[in-house]
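None of the figures in this text is laboratory data; all of them are computed from the coordinates on show. Please read these numbers as outputs of a predicted model, since none were measured by experiment. Cβ sites come from the backbone with ideal geometry, for glycine too, and all protein chains shown count toward neighbours.
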Amino acid sequence: MVKPKRNRRNLAFATSARKRPADRSLAGRLLGAGIPKPSSDGLPQASVAEIDRAISRLNLLTAAQVARKFKATHQAIGRWRREGKLIALEVRKSQFRYPPWQFDSGGTPYQSISRILRALNGDHWAALRFLNELIPEIGEVGYRAIAHGRDQEVLAALAARSQGAFS
């Protein structure tokens, strides 16, 4: 029996496959602590199928769905994204998904979204995580607090965290 030749490339592939944690939940890898360092294409180290399942669970919308639901044009959605007024998660090259809760009843993005994105240096995944979690300082999930007009409290909690005050 001839053993396959082991070279550095094959060995690197085999060891990198072993290092990937098998027991971490998808939600934990994409939305919580322990997110792996982004891969070279900017996506978290998860398969396309895993990302698709996470998008499905989070009820993220395409630009076309946002446009239909909130009666906005596709161009307006793109402009808001480029201007940093929307949380837009790039799930594949030039394919974005949007959390539906960042719009008011009239279909306009909440003004605080752009301020949160600026505070997080444009990190849309971090903005999603922050607004999807309970903010203990105010006792409410971030996006719900914004919808209830508590923008200033949400922004204050984010500022406190950025200065090292964690709950």
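First check a/c for the range 40-162, with a ≥ b ≥ c the square roots of the eigenvalues of its C-alpha gyration tensor; if it is under 1.5, answer rounded, and if not, answer prolate when a/b is larger than b/c or oblate otherwise. Oblate shape, in that a/c is at least 1.5 and b/c is the bigger or equal ratio.
Checking the a/c ratio against 1.5 first, then a/b against b/c, what shape does the Cα gyration tensor give for the range 83-145?
Values: a/c = 1.71, a/b = 1.37, b/c = 1.25.
Here the range 83-145 falls in the prolate category.
Footprinting exposure proxy ranking of His124, His148, fewest other C-beta atoms within 10 angstrom first, gives His148, His124. Derived scalar couplings between HN and Hα for the range 127-140 equal 5, 4, 4, 4, 7, 8, 9, 5, 9, x, 4, 10, x, 8 Hz in order, rounded to whole Hz, by the Karplus curve 6.51 cos²θ - 1.76 cosθ + 1.60 (θ = phi - 60°), x for Gly and Pro.
Between Arg68 and Asn132, 0.36 nm times their residue separation minus their Cα-Cα distance comes to what?
On the way: separation 64, 0.36 × 64 = 23.04 nm, distance 2.34 nm.
20.7 nm is the gain from fully extending Arg68 to Asn132.
Net charge of the neighbourhood of Phe130, taken over other residues with C-beta under 10 Å away and scored Lys/Arg +1, Asp/Glu -1, is 0.
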